[in-house]
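As structure tokens, the structure follows; a few thoughts come after it.
The values are calculated or read from the model by the stated rules, or taken from the named source; none is laboratory data. None of the values given here were measured: they were computed from a predicted structure. All Cβ positions, even for glycine, are placed from backbone atoms using ideal geometry, and neighbour counts span all protein chains on display. We work out accessible area using only protein heavy atoms, side chains counted, and drop any ligands, DNA or RNA first. Shrake-Rupley method; radii C 1.70, N 1.55, O 1.52, S 1.80 Å.
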Amino acid sequence: MATQPTLAQLAADLSDHLTFVVIAESTALWNPHSPEFKEHLRAHYQWGADMTAADKILVAGPVDFGQKPDTPEGWPSVSGLIVIKAKTRQEAQELACNEPLHKAGLRRNVVHEWRLRVGGKETLDFLGAKLA
């Protein structure tokens, strides 16, 4: 019978690339039918393009799109996930707080530290290079 690796051996094989992930949840103010909504969404898309061009966003997009129950008012609630490239939690927090849907009160952005440790070698090497 083969000997199982120790915890220390397993941990030594883990990658350790630090990044930050933003979980964005719609608030009660989320209303895609409001007159201002299109402008907030346009600003959100522009912010994403600008942050990507500045090499601050690794990936981003809606989650549970069309899967979450509608709000009591009948408006679809949309969450989002943003993987931010930042050196510190404070920098990630500042980026997340400046996202237009959050600033308008339509979404609540919460920053979490994320250490990329498990995955295919090519994927982790690629992400590690992008985060360096």
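Select from the range 93-128 the residues that are closer than 21 Å to residue 48 by Cα and among the aliphatic types (A, V, I, L, M) and write down the one among them that is modelled with the lowest pLDDT.
127
Against the definition (modelled with pLDDT of 85 or more, open to solvent by 40 Å² or more (accessible area, probe 1.4 Å) and more than 30 Å from residue 120 (Cβ to Cβ)), how does residue 90 come out, yes or no?
Values: modelled with pLDDT of 85 or more: yes; open to solvent by 40 Å² or more (accessible area, probe 1.4 Å): yes; more than 30 Å from residue 120 (Cβ to Cβ): yes.
Yes, satisfied.
Which one of 11, 49 is assigned to a helix (DSSP H, G or I), of a type in the set (A, V, I, L, M, F, W, C) and modelled with pLDDT under 80?
Details: 49 fails: modelled with pLDDT under 80.
After applying the criteria, what remains is 11.
Quick one: which residue in 27, 19 is touching a helix residue (DSSP H, G or I) at 6+ places or on another chain (Cβ under 6 Å), at pLDDT 85 or above and surrounded by 12 or more Cβ atoms within 10 Å (Cβ to Cβ)? Spell out the reasoning first.
Details: 27 fails: touching a helix residue (DSSP H, G or I) at 6+ places or on another chain (Cβ under 6 Å).
Result: 19 is the single residue among 27, 19 that is touching a helix residue (DSSP H, G or I) at 6+ places or on another chain (Cβ under 6 Å), at pLDDT 85 or above and surrounded by 12 or more Cβ atoms within 10 Å (Cβ to Cβ).
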